[in-house]
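Reading through the structure tokens given below for one structure.
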Amino acid sequence: MRMRKQTTMVVAATAALGLALSGCQQANKDSGGVDSDKADKEISGLPTTDYQKAGYDEVKDGGTLTYPITEIPASLNYYHADGAHVDNNNIYGTTLGGPVTIKDDGTWEVDKNYAESVEIASEDPLVIDVKLNKDAVWEDGTPIDVDDYKAFWQTRDGKHDEFEVASTKGYEDIEKIESGKDKHDVKVTFKTPNIDWPNYIGAFLPNEITEDADSFNKDYTKKVLPSNGPYKADKVDTKSGVITMVKNDKWWGQEPKLDKVIFKVVSQAQQAQAYANKEIDLVDVGTDGDSYKTADKREDGEMYKSQGMEYTHLTMNAKKGALKEQEVRDAIGHAINREAIAQAAIGPVEAPVTLINNVTFMPGQEGYQDNTDGSLDFDQEKAKKILDDAGWKEGDGGVREKDGEKLQFKIVVPADTASNAQRAEQVMKDLNEIGFKVEIETVPVAAYFADHVLNGNFEMATFTWQGTAFPISSGSNLFYPADSAQNHSKISSDAIGEKFKAATKTLDPAEAKKLANEGDAEVLKLKPLIPFYPTPYVWGVRNDVLNLGPRQLETPDWTEIGFKK
């Protein structure tokens, strides 16, 4: 029903909270491991959504759903730099909405609760006409109108640094927002066309907040943002770690079925057991085999699996030592047994195992194709030859050297995150076998991103990127330009920039996907990172819960979520 996808990095939530996996299994095609072609076909068999679907009238009136979160985020303002957190994303799914919503196939449609229509009024310049639902109001009864749209955009337009926003991507391409016939007729004019324009035409905060930087930055650190959805916050108990949502009495749409939604803090490591103990009603087990087994033991629960929107990878800092050399990165592409890494992670949760060969589109998402051209095929002999030809000769202890420099690197890993460590150990093993000297550097979880990844204080790192329904405009900043805040490899190319800029500017979806894939191929040729595997969503859900479960792109409709009659 609602979509509030912002183009921000949520790796702190998806990567730092690594999950404990079962022991690493070695696998390759010759030893009965992963067959990539077969696996690609298998993962296409995973549904894009997997939950008990039921019509509105089949859902019981009333009840309380308890939903786990890992923490109450540092800021409860989802649009603040400190609030771009997966837990906030889940919390605000119940309270905030906008003109478009995402369907199960990844396409968008107008959400009639918020807009009567959304249309392209002009292509040159690109002008979007949003006719708002006149019944739509904030939780205090104030109408949602053009003033909210204009103020929300201006916090993120790249010109107002006093607002500490999570991202300005997309919004900085907007030239102006103005009213048409009345304040419910919103006209959004872009400076340049943007294929992902539906991602940038919402207003998710009232203008009373977004016209005041102090209010935006400070007032919603510990309290929930005003609602324009079916639920609103009743209480935030930071001591017990509970946020309670109740029905929004100003909600104008279909009445929600549940009386309350409780978001309860449970550590990632304890969530599966809490679910098995019936303390929470669902759990996302990720790729943790032990958690999967624990959750699967609940007698009144079911396990559901869908395609996901996250992928793991090895990012290489190309400003460090020999990683500056294309040939070294090319050799690494062939040296790492990605299939073994994928099998060790995904096998324990009994989901199809595959590799990801595209860093823009996710498997299952329209536009996905293999852009590696064989450059990531596991072939250590080929990797050795690339290094030999580039002048990296075996030296003392089998470690390759060139011009007095050793082929020596560290992979930084957050403490107590078995998934990260497991991937790093396989990378270390594979690279050391062909003449590298790779070591693992373990750092505190809190310091992993803040002190290492985000400030470039690393040589190699492995974590998770989360995809989006609008990947063309939002994903390119991971790889272009070289000094982009989210480009942790610190390298890029003009070809990458040109292709993604062209893809973003065209309004033809097919042409945009074609150009984006050409840009994606340029990224994979440059190899700022080595993508590993897409992570399926694997949830345990209480078996009388309806319309809630894992979904790749679809926006949940919280008015229809509830319990069986």
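The values are calculated or read from the model by the stated rules, or taken from the named source; none is laboratory data. As the structure is a prediction and not an experimental result, all values here were calculated from the model. We place every Cβ from the backbone using ideal geometry, glycine too, and count neighbours over all the protein chains shown.
May I ask you to list pairs of residues, at least six apart or on different chains, whose Cβ atoms are under 6 Å apart, with the first in region 387-411 being farther than 11 Å from F436 by Cα and the second being surrounded by fewer than 16 Cβ atoms within 10 Å (Cβ to Cβ)? Listed by first residue and then by second, the contacts come to A390/E327; K402/G391; I411/I440.
Conditions (1) in a loop (DSSP other than H, G, I, E, B); (2) modelled with pLDDT of 95 or more, marked per residue:
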site	(1), (2)
T95	yes, yes
D105	yes, no
E109	no, yes
N113	yes, yes
E119	no, yes
S122	no, yes
K131	no, yes
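Of the residues A446, A421, A469, A450, the single one that is at pLDDT below 95, part of a helix (DSSP H, G or I) and touching a strand residue (DSSP E or B) at 6+ places or on another chain (Cβ under 7 Å) is A421. Per this entry, A503 is counted among residues that are crowded, with 23+ Cβ neighbours inside 10 Å and farther than 26 Å from T49 by Cα.
For V427, the requirement of being under 25 Å from F378 (Cα atoms), in contact with a Leu (Cβ under 9 Å, 6 or more places away or on another chain), modelled with pLDDT of 90 or more and surrounded by fewer than 23 Cβ atoms within 10 Å (Cβ to Cβ) is not met.
Within region 488-510, is even one residue part of a strand (DSSP E or B) and touching a helix residue (DSSP H, G or I) at 6+ places or on another chain (Cβ under 7 Å)?
No, there is no match, as no residue in region 488-510 is part of a strand (DSSP E or B) and touching a helix residue (DSSP H, G or I) at 6+ places or on another chain (Cβ under 7 Å).
The conditions of being in contact with an Asp or Glu (Cβ under 9 Å, 6 or more places away or on another chain), modelled with pLDDT of 95 or more and of a type in the set (G, A, S) are not met by G395. On the basis of being in contact (Cβ under 8 Å) with a residue 60 or more places away in the chain, assigned to a loop (DSSP other than H, G, I, E, B), within 30 Å of L126 (Cβ to Cβ) and not acidic (D, E), does L258 make the cut? So L258 fails the test. A search for C-beta distances below 6 Å between a residue of region 231-248 that is of a type in the set (S, T, N, Q) and assigned to a loop (DSSP other than H, G, I, E, B) and any residue that is buried (at least 17 other Cβ atoms within 10 Å of the Cβ) and modelled with pLDDT under 95, counting only pairs 6+ apart in sequence or on different chains, returns T238/I72. Among all residues of region 432-442, there is none that is in contact with a Pro (Cβ under 9 Å, 6 or more places away or on another chain), at pLDDT below 95, surrounded by fewer than 18 Cβ atoms within 10 Å (Cβ to Cβ) and over 28 Å from T360 (Cβ atoms). Residues in region 409-466 that are touching a helix residue (DSSP H, G or I) at 6+ places or on another chain (Cβ under 9 Å), closer than 20 Å to A482 by Cα and small (G, A, S): A450, A461. In the set (1) in contact with a Gly (Cβ under 7 Å, 6 or more places away or on another chain); (2) under 30 Å from G391 (Cα atoms), N487 fails one condition alone, (1). Here the helices (runs of 4 or more DSSP H) wholly within region 261-350 that include at least 3 residues being more than 22 Å from N88 (Cβ to Cβ) and touching a residue at least 24 places away in the same chain (Cβ under 8 Å) are 289-296, 326-335, 338-346.
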